[in-house]
Amino acid sequence: MADDTSLVIDRLVAECRPVRRLRPPLLRAALWLGVAIGLVLLVSLLRGLRPDLADQFSRPDALMAFVAAVLTGVSAAIATFQVSVPGRARAWALLPVPGLGLWLASLGWGCINDWIRLGPDGLAMGHSFECLGSILTMSLPLGLILAVMVRHAGYGRPRATALLGALSVSALASAGVTFFHDLDTALMVLIWHMGPVLAITFGSWLFGERLFAWLGVKA
């Protein structure tokens, strides 16, 4: 019996491979955010900045919505890298909640201002599939890069990591679209920006385990 145990131990030791330690979550989050911001700015410059960008940011509600979207994206990125590490507190998942709440509140404030300023036209639904396409186009490469960087989360918290990562990616993409695509009312921003963000986030949470399994990592 003792000989069998020794053989098993010897076999396990022989098959061991060196494990490369992960860099600190904040450092990896900073690296990914650098790539994300660079890509968003590059796409914005290639598409051409909207001519009324200064006027747009002169409106307090529009500026607050933009800042809140960026804050949501950054905080969700930090939370993604923290939650993906086994043993880290689950409370990190709550980090983007204040930014997300501020984002929704600023869009609601914008809807009220549009109603006061434009009357019923301020709540026109409208449509903007180009805006939706731009958010999805930027989200896809950023999401794939992020998924590869946190693929080890498949061993522990795949759904939470996928949800937070998708929130970060889509929020930053939504903020980036503001630079080159104009929407007439805050309600349209709420529908065509926040709508895709929520859809991408929910879909990532729903299929998070499959995503990491596709990357070769299973819980």
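The values are calculated or read from the model by the stated rules, or taken from the named source; none is laboratory data. Quick caveat: nothing in here was measured; it's all calculated off a predicted structure. Positions of Cβ are backbone-derived with ideal geometry, glycine not excepted, and every protein chain shown enters the neighbour counts. Accessible surface is based on the protein model in full, side chains and every heavy atom, while ligands, DNA and RNA are left aside. Shrake-Rupley method; radii C 1.70, N 1.55, O 1.52, S 1.80 Å.
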List the number of the failed condition for Ala160; all other conditions in (1) open to solvent by 10 Å² or more (accessible area, probe 1.4 Å); (2) at pLDDT 70 or above; (3) under 30 Å from Leu46 (Cα atoms) hold. (3)
Which one is nearest to Val70 (Cα to Cα) among residues in the range 163-200 that are modelled with pLDDT of 70 or more, open to solvent by 30 Å² or more (accessible area, probe 1.4 Å) and in contact with a helix residue (DSSP H, G or I) (Cβ under 7 Å, 6 or more places away or on another chain)? Phe179
Condition set closer than 25 Å to Leu140 by Cβ and of a type in the set (Lys, Arg), scope the range 24-69, selection nearest to the chain's Cα centre (by Cα): answer is Arg28
Can you report the number of residues in the range 97-153 which are at pLDDT 80 or above and open to solvent by 30 Å² or more (accessible area, probe 1.4 Å)? 15
Within the range 68-96, work out how many residues are open to solvent by less than 80 Å² (accessible area, probe 1.4 Å) and in contact (Cβ under 8 Å) with a residue 12 or more places away in the chain. 20
Return the residues of the range 137-152 that are farther than 9 Å from Gly165 by Cα and of a type outside the set (A, V, I, L, M); say none if nothing qualifies. Thr137, Ser139, Pro141, Arg151, His152
